[in-house]
Amino acid sequence: MGAAVSSSWGRKEGEGEEERKQNAISLSVRVVRMANATNSSTCPKPMKATSNGAWQGDNPLDYALPLIILQICLVVVFTRGIAFLLRPLRQPRVIAEIIGGILLGPSALGRSKKFHDTVFPDRSLTVLDTIANIGLLFFLFLVGLELDMRAIRRTGKKALAIALAGISLPFILGIGTSVVLRATISKHVHSAPFLVFMGVALSITAFPVLARILAELKLLTTDVGRVAMSAAAVNDVAAWILLALAIALSGTSSPIVSLWVLLTGAGFVAFTVVAVRPLLEFMARRSPDGEPIKEIYICATLAIVLAAGFVTDTIGIHALFGAFIVGIAVPKDGPFAGVMIDKVEDLVSSLFMPLYFVSSGLKTNVATIGGAQSWALLLLVIVTACLGKIAGTVLVSLAFGVKVREAFALGFLMNTKGLVELIVLNIGKDRGVLNDQAFAILVLMALFTTFITTPIVMAVYKPARKTAPYKHKTIDRRDRETELRVLACFHSNRNIPTMINLIESSRGTRRHGITVYAMHLMELSERSSAISMVHKARRNGLPFWNKKRSNHDHIVVAFQAYQQLSSVSIRPMTAISHLSSMHEDICTSANQKRAAIILLPFHKHQRLDGAMESLGNSFQHINRRVLHHAPCSVGILVDRGLGGATQISASDVAFSAITLFFGGRDDREALAYGLRVAEHPGISLTVVRFLATSNKSVAWGCGEIVNIEVDEEKVDENCIRGVKSMSESNSSISYVEKVVESKEEIVAALKELNKCNLFLVGRMPPTGWLAESTDCPELGPVGSYLALSEYSGVASVLVVQQYHPTANLSQLVEEEEVVEGQDRGEELSDTPVIDEKKNVTEIV
């Protein structure tokens, strides 16, 4: 019986053991299932790259490649649309990209779960952030390419003091603000990195954004613009150094590790200077100007950028620092840096960089700023940021004798934020230094301070556009021995040969000769390399063909050679502006340089088959606006290869010119220019006067009545008498009269003359429109006909409009009142004073 009891007890114990095992197994299974469920919810499966297509039943948005393509397209269209809406407010594009990123994030559209899960699902953010950071890597390489350390070393004391004040005071106030934030919304962050990040965030000035704002407001050539640019460049370098310090401090709580990060970072910079820069200089030397750069050099440079990013990321100071340092190390002499910019910037700036702003916007949730405390903190941060920058800049500016308005303008300009600010904030967010609420507050602060810059500067500072009055604003003048000043504009090297040949023809034989201001018209585009062009306009009126710094030497070398070979004084200038406001730069410069005539290229050029092809309506609108606002006479040159496709020397000039004279102010100006051209020994001038039969007018087909005042007729007759007398004593001048009875006879007469090299015609002679239809009415009734493709294949045309002081034109530059002691009826002469001993020309 004992054995039976024992056996029964054993069976029960075995069954209990088995039950315990089964319970343990089922518990383990449940734990595994729960873990799998947790992992599936927190760590979604990685996305495959490409789908099999919708016809195979796949949803393309579940795969990485089609989804990132959709995201890029959406971001580009969305941000460009916002930029278009903000264009009337003259806001930089970075504002539109920041706003677009915020709106696509959880602050607006991202609040919709369906939109978020469809377009920006969590499993796609790794790919999005990776591509955005690759774009940021190469963008920082571009920033380094455009930053010249030599210019920073030459910064003046005023700009250096303003930069230091604009960094130190906001940094101190940022540290004070961080104490308040740590006591309220950022209680569990490390104090040292948070203090540094706040100081850097409030003390940054966005150099590229500032340069674009200055260009938009046409302040680049003012004292305020020059000081702001110099100070912002110093501030930019200081901001990167402080950011490196902040990143080193944020990585760990150990000061030893932070010290090692800083030391190895400094070692990387030293290695770049010692080893990488010589390699880049070698490639730059092997890439002479005028020859294409080898593909292997471009590939090697881009690989060096990526390798440097890998090294700095390994060190612990973010990959973008390596790219930035390599960009600074690239030699700025020669074409190498410019070619690298052209190769990289369009793809990076247009497609990849907007992704970075969206990546930032997806982390920005404005909804976290709720309640009186959060909004009070936002107001505190904005006030502190503005107060530190503006107060520090204004006080130092006033100490250097800057006027109050200019000092405040400098303060608001230095308060501009941009991409670097977002980089600092995103690094702080990724490192856990900034939480969601602090991040959103600082992003809105950057957006607000940049947004208010343009309207406030426009209201506070309006540079005075006043110049001393001058007398010689036309070619036709009483004193023909005075100097002729010409503002010759050109868009590209296509315009230069004919423009130089026309200038050579206009030299004349007078004692004072001719001074030419050669203005290169450059469009201020949205490309980042437009900032590098900005430096050329900072000293307007000085030569811009410096071979060591310019990437456009081929455009102006002809003017330089021509100046050396002739007695003509050439003074190059650069106008960098949007095409819609380019006429303001032209007219302002003409007034400041006291030009007698502005020479503009026609908006069409001649193709090889002889047809005239338009370069775009924007250039045509520039010409029209200049005609309306010009402070002097204007000539529009229709180029058909005057003197050939190359510059010709004085001894080789040999062509015929014809001046068409119908009467009136513009025709007399064209005649005066023609007579000056006729002084050249290699040029023959024929003056053709058109007369109607008795009791008729030459204005056939004119839609309006053309009245010529009696005084005008007398002036015309006096001019013609002078031409007749010159033709009798000068064999190079001939005078012809043609009596016509209809518009058709005028056209027939012009067709007989189409073999000459140059026509000079007034813009608005008292005659009807000769062409049946025209798309260039700015050339007038005769000039528009001569510019037709079917008229001539060899005859260039100069259409001249005389300056009319009583015309109802809107002046862009206001002339100052006459100086004390000067008669009210007398204007200042623009004739230069010649020092016979030194043979130096000084402009009065």
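Taken together, the residues in region 79-110 that are in contact (Cβ under 8 Å) with a residue 40 or more places away in the chain and part of a helix (DSSP H, G or I) amount to 14.
Looking across region 286-314 at every residue that is open to solvent by 40 Å² or more (accessible area, probe 1.4 Å) and in contact (Cβ under 8 Å) with a residue 24 or more places away in the chain, the one that is farthest from the chain's Cα centre (by Cα) is identified as V311. Selection within region 428-451: residues that are part of a helix (DSSP H, G or I) and β-branched (V, I, T). The member of this set that is nearest to A372 (Cα to Cα) is I441.
Filtering R549, R571, R539 for residues that are over 21 Å from P777 (Cα atoms), surrounded by fewer than 20 Cβ atoms within 10 Å (Cβ to Cβ) and at pLDDT 80 or above leaves a single hit, R571. Among the residues of region 214-260, those identified as part of a loop (DSSP other than H, G, I, E, B) and under 26 Å from H578 (Cα atoms) are L217, K218, L219, L220, T221, T222.
One line per residue, one yes/no per condition, for (1) more than 30 Å from Q592 (Cβ to Cβ); (2) within 23 Å of the chain's Cα centre (by Cα):
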| residue | (1), (2) |
| --- | --- |
| M229 | no, yes |
| D236 | yes, yes |
| I247 | yes, no |
| S254 | yes, no |
| L262 | yes, no |
| G265 | yes, no |
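For region 791-802, the candidate set comprises residues that are of a type in the set (A, V, I, L, M, F, W, C) and out of contact with any helix residue (DSSP H, G or I) (no Cβ under 6 Å at 6 or more places or on another chain); within that set, the residue that is modelled with the highest pLDDT is L798.
Taken over region 274-285, the criterion of being surrounded by 13 or more Cβ atoms within 10 Å (Cβ to Cβ) and within 27 Å of L243 (Cβ to Cβ) is satisfied by V276, R277, L279, L280.
If you go through region 329-367 and keep only what is surrounded by 21 or more Cβ atoms within 10 Å (Cβ to Cβ), of a type in the set (S, T, N, Q) and not in a helix (DSSP H, G or I), you end up with just T364. Strands (runs of 3 or more DSSP E) wholly in region 682-790 with at least 2 residues that are modelled with pLDDT under 90 and either open to solvent by less than 40 Å² (accessible area, probe 1.4 Å) or closer than 27 Å to D476 by Cα (or both) - which ones? Correct list: 683-692, 733-740.
The values are calculated or read from the model by the stated rules, or taken from the named source; none is laboratory data. The shown structure was predicted, so the numbers you read here are calculated from the model rather than taken from an experiment. Heads up, the Cβs are rebuilt from the backbone with ideal geometry, glycines too, and the neighbour counts pull from every protein chain shown. What goes into the accessible areas is simple: the full protein's heavy atoms, side chains included, and nothing from ligands, DNA or RNA. Shrake-Rupley method; radii C 1.70, N 1.55, O 1.52, S 1.80 Å.
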